Every structure is written in C-alpha cells, then in structure tokens.
Ligand code: NAD
Ligand code: TYD
C-alpha cells in the first residue's frame, strides 16, 4: 500500500495488540488517519492509548463490529482505504465458558466488515487492503516435533480457535470469490505491556506480586512459542505495506517454552525484582485441573515472512520478559484498574473449581 494520505480502520485498537498497533501506526505514519473502532469490552481500555489520544491523525469510535449497519455507516463516513482487523474475543478459557460471544464477534463481526469493505470498494479496489489478524491456534495442536507452516491444514480445537479459523476461511473466500484485496497473518502467543491479566504472563506476574496461587493447568507441560507484541506489530506493518494480496503469513518467535519452565523463570525474575529470597515465589505454584481440550504445543515456521519481507524478531525473550515484568510492576494503577469490578467475578468463577 502506498504511503500517501490514507484512512485506515483498526478494529480492536483498545485491546492488547491493537493498542500497540495503533500507537505504532499513529507515530510512524503521520500521513495516515487511524480510526480505532472498538466496542470497549472488558478487554478494551482507552487508558492503553493515553499517550497518543490527542494526536491529530488519531480518532476513536466506539462501535460493535457485530452491528452490520453501523459498520456500513462507518465506511460511508470515513471512506476507509484499509482495514486492519484485530477486534475479537481472544481468551480460550472464556470461549469454553461462553462460546457464543466468540461466534458473534469473531465470525459474524468479521463477515460484517468483509461485506462493508466489499460493498464500498467494489468499483475501486486499487490500493485497498483488508488485513485480517489471526492466530496460530487455527492449526490445532502439534506433537513434540514439527512446525506450523502456511500449508498446515486447519484443525481448531477450542471454540476460540474454531471461531478464528472460520473467520480466516471467510476472509480467504472473499478474496477468491469477490476479489476483495485481503491479507492474513497467523501469529503465535504474544507478550508485553497492556495485556489483560487473564492471559498466562500478566496473570502470573499479578498473582506473584500479591502472593496468590499460580494455577498451572495439568502438568504444566504444554508448549507455547512466545513473541514480543511489538515484533508482531512490526510484522503486521511489513505485511500490510509489502505483503502479497491474497497471501497468508505465519509470524512466530522461534521461542518455545514449556509452561512450567516459563513460570519458574517468571518466579525467579519476580523474586529478584521484589527482593524476595530465591525460591519464594515458586512455592505459589499450584497444579490444577487441566483446561478442556488443552492444545499440547504450538510452534511457528515464519520462514516465508523472513525470506519475503526480511522480518525477524528484534528482542531476546529473557530481555523482553524482564522489560514486561518491569512494566507491570511500574504500572500498578493500570493493573489495579483492570482487575477491579468484573474481573473479580471472572476470576472467582474461572478458578473456583480448579
Ligand atoms: P484483546 O482481547 O486484548 O483485545 C480485543 C479488543 O477487541 C478489545 O479492545 C475489545 O474491546 C475489542 N472487541 C471485542 N469485541 C468487539 C466487538 N464486537 N466490536 C468491536 N470491538 C470488539 O485481544 P488481543 O490479544 O489484543 O488480540 C487481538 C487480535 O490478535 C485478535 O484477533 C486475536 O485473535 C489475535 N491474536 C492474538 C494473539 C495473542 O497472543 N494475544 C496471538 C495471535 C493473534
Ligand atoms: P494463555 O495465555 O491463555 O494463551 P493460549 O491458551 O491462547 O495459548 O495460556 C498460555 C498457556 O498457559 C496455555 O498452555 C494455558 C496455560 N495456562 C495455565 O496453565 N494457567 C492459567 O491460569 C492460564 C490462564 C493459562
């Protein structure tokens, strides 16, 4: 996409990855107008964007992507040249407790955006981009060896990953059937600042700080491939501008960690930062009932992205994790704010029977 004056819709820009993406685009591309469309669910928080909210090339619109009419109207008003679609229900445990919210937002919401883009771009598709941000979880679960490539068959196993797989299929179908100029990326687990403390890393940092049990699902042997959120955003920037239309790119950290090893590393970093004796925080580890349908291992082969667009992760994991721990320890107000109210109810319901 040419870097002239463009108006870009970013959905889910008040969430974890979305807020990093909005910040990156607003600061790096003053010639773009970035319109952040977000419903502000429990996971969306405008405090994530305080530092850029007054920039002249940034605008926030509170809207629900499940509302088809509203999406059409936003296209009418702003005449978007591009869409970067991140809005989603994103937490696997919540998808087990309540799949319908995932079906509405992730599938119907994506279909509404595709329809609006198709309708508004049909006579003038030149230079337009519909970028769909997806997850490696659509590929299912790996055994002890092997990697997900862009050719790996889809095999989603949770309501979350099934809803994301469904949205990926719709995006590809709109490319093949209607010629909508789409791009898709499937990324591994992200970590960094502003992540809602229901996901493993911020949840455990918060619990360690407050001497609460660390609920490890099953035996802690599941493996995830962790990538710093800013490196994900850098990859999206490359693909959005230089990736091939109709193509999918896998994004990953080449950084696999067994949960229990990662948790022990977090405990030792936190002991050091909090001035506790070595081994203190590990005592909080509590093995609990496994997550239903818990995928054993995710690991991404990102060689297509590395070869075609020259992207690679910029940060070593140990350094990134230290930075992340520092951020949560320095931003206690942010953490307290998001863990008050509804969060307490969620936490009690999610962890009471484990
Ligand atoms: P998040 O849960 O932190 O944020 C989601 C955002 O979407 C929130 O701001 C929320 O308010 C908004 N939203 C939810 N429903 C909406 C609706 N109906 N209408 C408008 N806005 C709505 O999620 P995240 O971790 O930042 O993930 C963003 C995207 O990246 C998702 O599509 C997710 O599937 C994908 N992804 C996430 C990861 C990860 O590790 N977090 C990895 C790969 C891909
Ligand atoms: P999570 O951050 O929810 O990401 P995802 O399930 O999308 O990969 O979880 C990462 C891993 O940590 C996953 O294997 C589940 C595990 N986990 C726990 O052991 N305890 C917890 O309380 C949470 C939230 C996750």
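For the stretch 206-231, how many residues are within 16 Å of ligand 1 (Cβ to nearest atom), within 30 Å of residue 143 (Cβ to Cβ) and either at pLDDT below 95 or not in a strand (DSSP E or B) (or both)? The total comes to 3.
Of the candidates 272, 276, 264, the single residue that is without any contact (Cβ under 8 Å) to a residue 24 or more places away in the chain, within 16 Å of ligand 2 (Cβ to nearest atom) and surrounded by fewer than 19 Cβ atoms within 10 Å (Cβ to Cβ) is 264. Here residue 26 does not qualify as in a helix (DSSP H, G or I), more than 16 Å from ligand 2 (Cβ to nearest atom), within 14 Å of the chain's Cα centre (by Cα) and free of Cβ contacts under 8 Å to residues at least 40 places away in the same chain.
Pick from the stretch 178-198 the residues that are touching a strand residue (DSSP E or B) at 6+ places or on another chain (Cβ under 8 Å) and assigned to a loop (DSSP other than H, G, I, E, B): which of them is nearest to residue 82 (Cα to Cα)? Once the filter is applied, the top-ranked residue is 181.
When the stretch 29-70 is filtered for residues that are in contact (Cβ under 8 Å) with a residue 24 or more places away in the chain, out of contact with any strand residue (DSSP E or B) (no Cβ under 8 Å at 6 or more places or on another chain), more than 24 Å from residue 237 (Cβ to Cβ) and within 11 Å of ligand 1 (Cβ to nearest atom), the ones remaining, listed by number, are 41, 42, 64, 66, 67.
Checking each residue in the stretch 207-225 for being buried (at least 20 other Cβ atoms within 10 Å of the Cβ) and more than 9 Å from ligand 2 (Cβ to nearest atom) picks out 208, 225. Going residue by residue through the stretch 281-299, is there one that turns out to be away from ligand 2 (no atom under 16 Å from the Cβ) and touching a residue at least 40 places away in the same chain (Cβ under 8 Å)? The answer is no, given that none of the residues of the stretch 281-299 is away from ligand 2 (no atom under 16 Å from the Cβ) and touching a residue at least 40 places away in the same chain (Cβ under 8 Å). Just one of (1) surrounded by 22 or more Cβ atoms within 10 Å (Cβ to Cβ); (2) without any contact (Cβ under 8 Å) to a residue 60 or more places away in the chain fails for residue 104. It is (1). Just so you know, in the stretch 155-198 the residues that are on the phi > 0 side of the Ramachandran plot and more than 9 Å from ligand 1 (Cβ to nearest atom) include one that is nearest to the chain's Cα centre (by Cα), and it is 192.
A residue that is free of Cβ contacts under 8 Å to residues at least 60 places away in the same chain, more than 14 Å from ligand 1 (Cβ to nearest atom), out of contact with any strand residue (DSSP E or B) (no Cβ under 8 Å at 6 or more places or on another chain) and within 15 Å of residue 170 (Cα to Cα) occurs somewhere in the stretch 114-125.
The values are calculated or read from the model by the stated rules, or taken from the named source; none is laboratory data. What you are looking at is a predicted structure, and each value in this text was computed from that prediction instead of being measured. Note that each Cβ is placed from the backbone with ideal geometry, even for glycine, and that neighbours are counted across all protein chains shown.
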